[in-house]
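Rule-based calculations on the coordinates, nothing more; no lab input. Note that the structure is predicted; figures quoted are calculated from it, not measured. We place every Cβ from the backbone using ideal geometry, glycine too, and count neighbours over all the protein chains shown.
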């Protein structure tokens, strides 16, 4: 397939939509981003990349980091992990306390905020300290994306911490149900540092390859997780990867994926490629408006839905 | 692949679990079923079938009928259908009124009870009467399964109607929000008649072929719906097909599927086959306990997950 | 105290507010009422009445009927009644299904719709038929108000029935939890007939005297219920009598009371008097806007709050 | 009335119930209290006191402190206070986050935990610092109870803080909705110090007199709040003073009151007296089991309900 031409078509088709989305405005560092930006990259198993737009521009990966922390926690804890966090869609906004209270402090899945905070807590317990946990997650991200320069933006994470009262509420609620091992401030602080990692569509699409290839990096041959774990991460991305619009994404795009409030969306085509699209303007569900549309166009044009 | 041997292995492995599930007991007609029954059939695109167990035994398809009514409603209404019913996972039990009230009478998806009742209402409006709607849905089921003798069990549907107060509550609630066109008793009565259709694993796995083949029956060549509609039905089956355990099914089985309280589960492997498994004992989420396990074994043994 | 002057002052003070409320518009019979009407009557223990405004004008008592059905059910069932209906404030709108589902079909109190429907069901079981139950409740209302001509408006009750889908949903939900003995249509039909009884402020304030006098009619000497039952009905009126604004009414008026969507509000000053105020324009909580204000002025001017 | 004999009768009648309640066990300091203790005191307007049981024994006033902080906040803010906290019953447990989230961070009333934390925040803003706020509330309590030795137990408040994750969750949630001015740790810390104040039934019943006498201390003549404010505090105690059992308390006792998890309950008989009862064993709603029964017996024996 002529991927470059398809991407070029998509870029053209989504152009009129660039004004429609709204950038996240809950912290200044994100609110200042120019919404009229767009990039899309696909990375094949041999490392070939096709890109359009500002594919070198760095952006805050935000909730896409939840895929990486979930991967590591699953690797270390196996099915034991599901004692502390589930894998069901939530049917509620990403940061809702209601369901968390009804379900006695056990988050529905690792991709809502409470779930990712809980997974971060599990990693801190595994690694022995918040500092090591942060460092190891960052190393993992660098490894799977084959890019050693990746780092976290301290201004963004500090700003998140300053305005992160709802996440502190979620963490304290889990703590009140004995479903958080470490200090609330440490856990939430580490969580925010992972969210503030900055990447571009090239590195993020590259980083998805292990999930497209049953847990094994197809380029380096490195085995990160088992095939079964990899398939299950994809399943959770499909059912829970886009907050309260996960069904809509499965419906319209038909690929396992994960979005972040910074405007990035990653997606996986099993046995074929990793994808990343970025455009900072968000729709009403907090997912990139143009990014969602671009992925929908991609599966329509290529017929590469999993369904 | 030697499907017959794989099915035989599965039959043997699930045998010890047959005592664990509990048959649905909310109406006498279902409560009297012997729980220690099992059957599984796969149907390939050329019509070849592999079966184990009581693959000729008829059972009540119950909620599996929701796949067929959704297909017809989508065919006739297209995306207009989504004005009255969504396609998001509900995160709640299949018959919950809570979410329906909060979301002002619009059901989350066509596979929870409220959604299927709403879809039935749409079909009654389309066909002009409850009688015709019932008859046309039955004809559609007969066509896709290539079996003219299929019919509905009047004792079961009458018994459902007699005990169906919660479904009447759901229908009245939608009516109070002006999201139901026809008389409550007609809509719910027709819904129950579809649920009481009786089939076996052979006919049901055959009936899934159009969803494995982009809307086209691979044997007869008959075009039922568009490829896009077919993919989207599969997406909704994956995210919403098993009530509050849909994430778990996607996670452990990794296939689009739909379960019924009669113990049947259908599943689709895109571009390959239709599957049906049946065992009347249910797990705590109301899905066939052994059926779910058998499908999990099938994707593990064959590697045929969509992820 | 010069009650007549106080009422005259109140009439004058509320006059500018008469345009602010909105009449109930869910059925035509209520929607056509002129909102700019007002009446207020107090009835003392010796039968003396003081009135202002259109105190002879009949209006639909609607939810005020819940006080009378609760009285009879408590008389016949005693504390057994609390097995089927509670006496806690609901913290939710009067017709919410959410709480009813969470609490497994047991209504919070007899003054929300589900509770009053349940109480009507209890009365039908007691009297043996819907017809007799309706007739006996009407006779009770005639007795306590000493007015034989009181009757129910068939146009209103038929119209309610035609648009009463939410109440049918509530009744079916209770039925699904085995908390309703009789046929849903009979129970809801009888409930609507009680709601459609028409009275004026003179007869309604007279009808409250037994609750101001420990269950005994101070004029006729007739004993209706025990002192303890009477006090407890007053307590439930105080905590639950005004839907989701019950706290506000206790806070601002400080009297046990019950409002109806027809614009009437009854209140009780223990050991002193019965009160009824009527003005059809409602506030956002569904209580008479001017009626609430008039009662607030009355307790402020007379100092006759129970607190 | 011979109050001393009535109290003696009550003491005898509740004796067999002393074993039934369970002491609060969420912090060690409370869990170690002997549950078989009982005391009851009434204080008349001339200062006469009647007591039974261990009326000099100090106990943790806990949520009874919410009456005092509400009084001061109402005094300083007047009706402005209702912009940040409501006065409706919650229909939910005292520490629920669900309603707080649905209602966008505005607590239902000042007597649930979120409401009292919010009121504490208002007092800190008024007084300029957490230290001064704590000191002034303590001085107010000493003044109304005419007992200068009253103080807070630092072990209890430190222990509360160490286990207070749910209250921290509530405070952070309000903060995320911009409904908390000061630092979360300061507000919750001050709240816990008020809860840890220790008093006995003599001082607490004395402290209620201003609420029985329209805001004026009947002994000292000191005017604390207006008559209207006093009546309204009583109204909120009646509708919201006992968490999810407020309706039950109004129903069975019929007096404005407030309970604390330390086993104390205060109540007010307007124009007559202040009451305090104490017994550390709690019922399933978190209110003193024997205390509730004792108050019910008191209003039954004396006929002194407000209804």
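Numbers below:
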{"read-out": "Label geometry 7 Å along the beta-carbon vector: residue A:223 inter-copy distances in nm", "value": "4.8, 8.4, 8.7"}
{"read-out": "Shielding by partners, peptide C:104-116 (average Cβ within 10 angstrom, other chains)", "value": "1"}
{"read-out": "Relative contact order (%) - region C:1-54, alpha-carbon pairs under 8 angstrom, separation at least six", "value": "36"}
{"read-out": "Tilt relative to chain D, helix D:165-176 - C-alpha long axis, 0 to 90 degrees, to 10", "value": "50"}
{"read-out": "Inter-copy label distances at residue C:46 (7 Å, Cα→Cβ; nm, one decimal)", "value": "3.3, 10.5, 10.8"}
{"read-out": "Directionally averaged shadow of region C:65-195, computed from the convex hull of its alpha-carbon atoms, nm²", "value": "7.4"}
{"read-out": "Taking the convex hull of Cα positions in chain D, its mean projected area over all directions (nm²)", "value": "13.6"}
{"read-out": "Percentage relative contact order, region D:144-253, counting C-alpha pairs under 8 Å, at least six apart", "value": "25"}
{"read-out": "Cα centroid of region B:144-162 to Cα centroid of region B:225-294, whole Å", "value": "21"}
{"read-out": "Peptide-level mean, for B:168-180, of C-beta atoms on other protein chains within 10 Å", "value": "6"}
{"read-out": "C-alpha long axis of helix A:130-145 to longest principal axis of chain A, angle in °", "value": "20"}
{"read-out": "Alpha carbon convex hull of the protein assembly as shown, projected area averaged over orientations, nm²", "value": "47.7"}
{"read-out": "Exercise: per-residue mean of other protein chain Cβ atoms within 10 Å, D:242-250", "value": "5"}
{"read-out": "Axis-nearest residue of A (beta carbon) for the A-onto-C rotation, whole Å", "value": "A:102, 5"}
{"read-out": "Separation in nanometres of the label points that stand 7 Å from Cα toward Cβ, at residue A:75 and residue B:222", "value": "5.1"}
{"read-out": "Chain B: relative contact order as a whole-number percent, Cα under 8 Å and 6+ apart", "value": "27"}
{"read-out": "Ordering of C:254-264, C:15-25 by packing [mean C-beta count within 10 Å, highest first]", "value": "C:254-264, C:15-25"}
{"read-out": "Position residue D:1, label points 7 Å along Cα→Cβ, spacing to each other copy in nm (shortest first, one decimal)", "value": "2.3, 8.1, 8.4"}
{"read-out": "Cα-based helix-to-principal-axis angle, A:227-240 vs chain A, degrees rounded to 10", "value": "90"}
